[in-house]
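The values are calculated or read from the model by the stated rules, or taken from the named source; none is laboratory data. Note that the structure is predicted; figures quoted are calculated from it, not measured. Here the Cβ positions follow ideal geometry from the backbone for every residue, glycine too, while neighbour counts run over all protein chains shown.
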Amino acid sequence: MTQLKKPDVGVNETSGLSNTTGGNNTRKTCELKHKNLRKSANNKCEESQKDLTCNGKFDRFAQLQCAGDVQPLPINWLWPNRIALGKLTMIAGDPGLGKSLLSIELAKHVTQGIRWPVDGTPCPVGDVILLSAEDDLADTIRPRLDAAGANPNKVYFLESIREIDQKSGELIKRSFSLKRDVSAIEKVLEQNSQIRLIVIDPISAYLAGTDSHNNADIRSLLSPLSDLANKNRVAIVAITHLNKGGSQGNAMYRAIGSLAFVAAARAVFIVTRDQDDPDRRLFLPIKNNLGPDRTGFAYRIIEADNGAAIIEWEDETITISADDALAVLSNEEKTERQDAVSFLKRELKTGSVDSKELYKNADACGIAKRTLHRAKSELGVEVYKKGYAGGWAWRLLQEDSSQDCQPCESPLATFDETKGESGFQDTNIANNAQGCHPEQTGESEDIPRKEVLI
């Protein structure tokens with residue numbers, strides 16, 4: 001045992017510890033039995049930690065772990081590159097857009113082991129726990145599970161917490177609380193190792209009086225939940241609402257309550273309405289700390305045979321950002337987007353076009369690159385690489401004949417008048433200025449469907 005000398009100032013430079021008592025600032029000398037950190041021949045950290053005492057009383061110390069002793073592990077995915085096992089994920093959106101239906105959709109894929117929509121990535125089969133404070137189990141959740149095709153025998157609904165009242169000694173039941181009852185969920189996970197997904201809808205209903213706008217309180221509340229997910233390798237998806245923030249700015253700040261909600265989650269998605277199609281919903285990433293994918297999905301809410309609402313996914317991913325999707329466009333911006341849509345229809349109606357050529361032609365029409373990308377998402381344009389050493393090109397996945405496209409007006413004329421021979425070579429901009437008339441194609445559906453709002 002080595003006796004530490006009294007420090008000249010408040011903290012001992014050797015031990016990093018100090019203990020000051022009384023108004024006379026008398027410093028006590030703490031005894032530290034050495035904690036030795038050293039490197040062995042195989043580069044692994046070896047730690048010899050002894051007792052830390054201060055005049056016979058336990059004192060505070062910092063516990064360190066050497067990175068060399070940590071076994072690296074891969075990320076395990078529930079939905080590859082989107083929802084990770086062992087992590088907290090959040091879905092935010094306004095009421096009535098189908099956030100709860102998304103939780104039913106997640107339950108369907110997990111309980112049946114069905115590949116995920118659109119990207120077709122594999123989904124591990126397992127059980128699901130649903131915490132729902134807004135929907136009834138019998139008349140809403142169960143019919144939706146049946147309509148979606150989930151296995152109801154693998155879905156468990158958390159009704160309440162049962163406990164012995166300390167005063168009366170009677171068995172009582174109460175609502176689940178994130179502040180008090182995470183350990184109760186852990187006991188369930190210990191008994192059922194097949195659980196892969198826990199959905200909390202909405203998370204604000206289970207805060208038990210915690211100030212949802214206090215960063216420190218929310219971080220303290222969510223930390224045990226994140227630890228629970230990590231320890232049991234289960235994905236936890238928390239659903240929340242959007243605040244009444246402005247139409248411009250970062251979508252990161254639109255989740256209701258403290259920013260700590262978004263900070264604690266490893267991935268956050270937003271559900272919003274397509275401004276150009278009120279019946280179309282957009283499911284877009286706000287942040288994704290673990291996966292490289294930045295694409296989103298689009299879906300509609302339809303009515304199943306049993307009368308319950310279900311989700312119908314579109315076939316392709318979308319690339320519009322959450323910031324752009326939430327921004328309220330002015331009339332001028334809407335006109336610019338419509339011009340960009342018309343431009344893309346003309347340019348791509350005969351086949352794919354190189355990206356560089358397309359950007360040049362769009363610039364000649366006075367169409368900004370950002371507006372062009374918004375129009376790309378709206379039309380369902382695919383951007384692909386032409387061979388291993390080839391460049392990038394754009395092409396229409398399917399022709400949209402809902403309306404005839406209109407030509408660019410003054411931007412084309414201005415370009416032709418001012419650029420002349422120094423302008424673009426071998427392009428068909430002048431011809432395109434006459435407009436385009438794609439062939440009319442009819443739409444058919446094998447099963448009639450009715451769109452509903454919930």
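The figures follow:
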item: A238 vs. criteria within 22 Å of P95 (Cβ to Cβ) and assigned to a strand (DSSP E or B); result: yes
item: Residue within segment 251-268 that is outside any helix (DSSP H, G or I), touching a Phe, Trp or Tyr at 6+ places or on another chain (Cβ under 6 Å) and assigned by TED's automatic domain parsing to the domain that holds I91 present; result: yes
item: Residue count, segment 108-139 (criterion: in contact with a helix residue (DSSP H, G or I) (Cβ under 8 Å, 6 or more places away or on another chain) and more than 21 Å from P80 (Cα to Cα)); result: 6
item: Residue list for segment 212-228, filter: exposed (fewer than 14 other Cβ atoms within 10 Å of the Cβ) and in contact with a Gly (Cβ under 9 Å, 6 or more places away or on another chain); result: H213
item: Residues located in segment 342-379, provided they are buried (at least 21 other Cβ atoms within 10 Å of the Cβ) and assigned to a loop (DSSP other than H, G, I, E, B); result: C365, I367
item: Condition broken by A150, with the remaining ones in (1) modelled with pLDDT under 95; (2) farther than 19 Å from A229 by Cβ; (3) assigned to a loop (DSSP other than H, G, I, E, B) satisfied; result: (1)
item: Residue ID - farthest from the chain's Cα centre (by Cα), chosen from residues in segment 243-267 that are closer than 20 Å to L221 by Cβ and in contact (Cβ under 8 Å) with a residue 60 or more places away in the chain; result: I256
item: Hits in segment 118-133 (condition: crowded, with 18+ Cβ neighbours inside 10 Å, under 19 Å from the mean Cα position of the chain (by Cα), modelled with pLDDT of 95 or more and part of a loop (DSSP other than H, G, I, E, B)); result: C123
item: Residue within segment 155-171 that is under 23 Å from V268 (Cα atoms), surrounded by fewer than 21 Cβ atoms within 10 Å (Cβ to Cβ), assigned by TED's automatic domain parsing to the domain that holds R281 and not aliphatic (A, V, I, L, M) present; result: no
item: Qualifying residue in segment 325-339 (condition: surrounded by fewer than 22 Cβ atoms within 10 Å (Cβ to Cβ), within 13 Å of D276 (Cα to Cα), at pLDDT below 90 and in contact with a strand residue (DSSP E or B) (Cβ under 7 Å, 6 or more places away or on another chain)); result: yes
item: Neighbours by Cβ (under 6 Å, 6+ apart or cross-chain): first from segment 71-97, outside any loop (DSSP other than H, G, I, E, B); second of a type in the set (F, W, Y) and surrounded by 13 or more Cβ atoms within 10 Å (Cβ to Cβ); result: W79/W116; A84/W77; I91/F269
item: Residues of segment 142-176 classified as β-branched (V, I, T), under 26 Å from N232 (Cα atoms) and out of contact with any Phe, Trp or Tyr (no Cβ under 6 Å at 6 or more places or on another chain), total; result: 1
item: So I270, is it over 12 Å from the mean Cα position of the chain (by Cα) and aliphatic (A, V, I, L, M); result: no
item: Test: residue in segment 362-376 that is closer than 27 Å to L284 by Cβ, small (G, A, S) and either in contact with an Asp or Glu (Cβ under 6 Å, 6 or more places away or on another chain) or assigned by TED's automatic domain parsing to the domain that holds L284 (or both); result: no
item: Residue match in segment 207-215 (condition: at pLDDT below 95, under 30 Å from L145 (Cα atoms) and either of a type in the set (F, W, Y) or within 17 Å of the chain's Cα centre (by Cα) (or both)); result: no
item: Count of residues meeting criterion [hydroxyl-bearing (S, T, Y) and at pLDDT 90 or above] in segment 216-257; result: 4
item: Single unsatisfied condition, V271 versus (1) in contact with a Lys or Arg (Cβ under 6 Å, 6 or more places away or on another chain); (2) assigned to a loop (DSSP other than H, G, I, E, B); result: (2)
item: Qualifying residue in segment 284-292 (condition: exposed (fewer than 15 other Cβ atoms within 10 Å of the Cβ), out of contact with any helix residue (DSSP H, G or I) (no Cβ under 8 Å at 6 or more places or on another chain), free of Cβ contacts under 8 Å to residues at least 60 places away in the same chain and of a type in the set (S, T, N, Q)); result: yes
item: Residue within segment 294-311 that is touching a strand residue (DSSP E or B) at 6+ places or on another chain (Cβ under 9 Å), crowded, with 20+ Cβ neighbours inside 10 Å, farther than 22 Å from I203 by Cβ and free of Cβ contacts under 8 Å to residues at least 40 places away in the same chain present; result: yes
item: Residue list for segment 190-209, restricted to those being more than 19 Å from S160 (Cα to Cα) and touching a Lys or Arg at 6+ places or on another chain (Cβ under 9 Å); result: Q194, R196
item: Among the residues listed as L178, L197, the single one being buried (at least 17 other Cβ atoms within 10 Å of the Cβ) and not in a strand (DSSP E or B); result: L178
item: Condition check for K356: in contact with a strand residue (DSSP E or B) (Cβ under 7 Å, 6 or more places away or on another chain), within 27 Å of D323 (Cα to Cα) and at pLDDT 75 or above; result: no
item: Considering residues of segment 98-114 that are farther than 13 Å from I310 by Cβ and among the polar types (S, T, N, Q) only, the residue surrounded by the most Cβ atoms within 10 Å (Cβ to Cβ); result: T111
